[in-house]
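Working notes, structure below.
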Amino acid sequence: MESVVVTQMLPEHIPGAVALQRLCFPEPFPEEFLWKAHHLESHLHQFPEGQFVAVNDGAIIGSASSLIVSEDVWAAHMPWATTVGGPFFENFNSHGTTLYGADISVHPEYRQAGIGRSLYEARFKLVEDLSLTRYGTACRIPGFIEYYEETGGSPTDYVLLVNDGIRFDRTLSPLLRYGLTLGGVIEEYMEDAESGNAAAVLEWTP
């Protein structure tokens, strides 16, 4: 989409990014995990370079929130709140090694149009610009609930099938196509019924 621009988030983008949250994460995703304006204001204050938006004719149609964490925090593969230090990113470490993706949101009407890939390319470039070791994240697996109801299988079973291209997950499958590699599964990552509270560990290295 030629009219879409991916750029660093600015204070004036915050209302649009907040409005995007419920559209991108509908119920049963918990309301308490959605960004509020004061969360994004805090992210911008401590690490403006790591916050991105996709803008189309003045409208915010995508956003990506990131922080830097230490090597020890990354290696521990802990739940979301522990890893990032809660919604204010209290675990931000300017001397860390890993750009950690805490959230990415793309408006449902603009999915499969390259917005997510563009936001990830901005993150990958930031890893290179800051000479970090990697980009890392733990990815929702919202297709797991359907798989579980069909088979009774585990999140790890499901993630491996997605990784092998046998099943498609609307969140995990695109990230694998962007060049991220699977590093395992975190159980009880966050309250997320669709994902069985689990998440897939992914990383990208320059």
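Measuring nothing but protein heavy atoms, the accessible surface of region 95-165 at 1.4 Å probe radius is 45 percent carbon and sulfur.
Can you give the extra length, in nm with one decimal, that the chain gains between ILE166 and GLU49 once fully stretched, where that is 0.36 nm per residue apart less the Cα-Cα distance? Intermediate values should be presented prior to the final figure.
Working: separation 117, 0.36 × 117 = 42.12 nm, distance 3.66 nm.
Length gained, ILE166 through GLU49: 38.5 nm.
Whole number in Å², please: accessible area per residue of region 5-46, 1.4 Å probe, ligands, DNA and RNA not counted. Working shown, then result.
Numbers: 2270 Å² over 42 residues.
So region 5-46 comes to 54 Å² accessible per residue, rounded to a whole number.
Within region 36-72, list the residues whose amide N lies under 18 Å from a label point set 7 Å along Cα→Cβ of MET78. Under cut-off, by backbone N: 67-72. Take the convex hull of the alpha carbons in region 104-180; its mean projected area over all directions comes to 5.8 nm².
Which value, to two decimals, describes the C-alpha radius of gyration of the chain once divided by 2.2 N^0.38 Å?
Taking the Cα Rg and dividing by 2.2 N^0.38 Å, one obtains 0.96.
Between region 1-28 and region 106-174, the C-alpha centres lie 18 angstrom from each other.
Across the chain, Cα pairs under 8 Å and at least six residues apart give a relative contact order of 20 percent.
Measuring r between the beta carbons of ASP157 and SER70 and using R0 = 22 Å, the FRET efficiency lands at 0.10. Dividing the summed helix terms, -39500 (n - 2.57) for each DSSP H run of n ≥ 4, by the number of residues in the chain produces a 222 nm estimate of -9500 deg cm²/dmol to the nearest 500.
Under the simplified labelling scheme, the GLU150-GLN112 pair shows an inter-label distance of 1.8 nm, with each label point 7 Å from Cα along Cα→Cβ.
Treating each Cα of region 46-113 as an identical point scatterer and summing with the Debye formula, the log10 of I(q)/I(0) at q = 0.18, 0.24 Å⁻¹ comes to -0.70, -0.97.
Stretch HIS95-ASP129 to full length: gain in nm at 0.36 nm per residue minus the Cα-Cα span?
Numbers: separation 34, 0.36 × 34 = 12.24 nm, distance 1.42 nm.
So the chain would gain 10.8 nm between HIS95 and ASP129.
Counting only Cα atoms, the size of region 1-69 along its three principal axes is 34, 27, 21 Å, in decreasing order.
The values are calculated or read from the model by the stated rules, or taken from the named source; none is laboratory data. Keep in mind that this is a model prediction, so the values were computed, not measured. For neighbour counting, all protein chains shown are included, and Cβ atoms are generated from backbone atoms with ideal geometry for every residue, glycine included. Ligands, DNA and RNA are stripped out before the accessible areas are found, and what is left, the full protein with its side chains, is counted by its heavy atoms. Shrake-Rupley method; radii C 1.70, N 1.55, O 1.52, S 1.80 Å.
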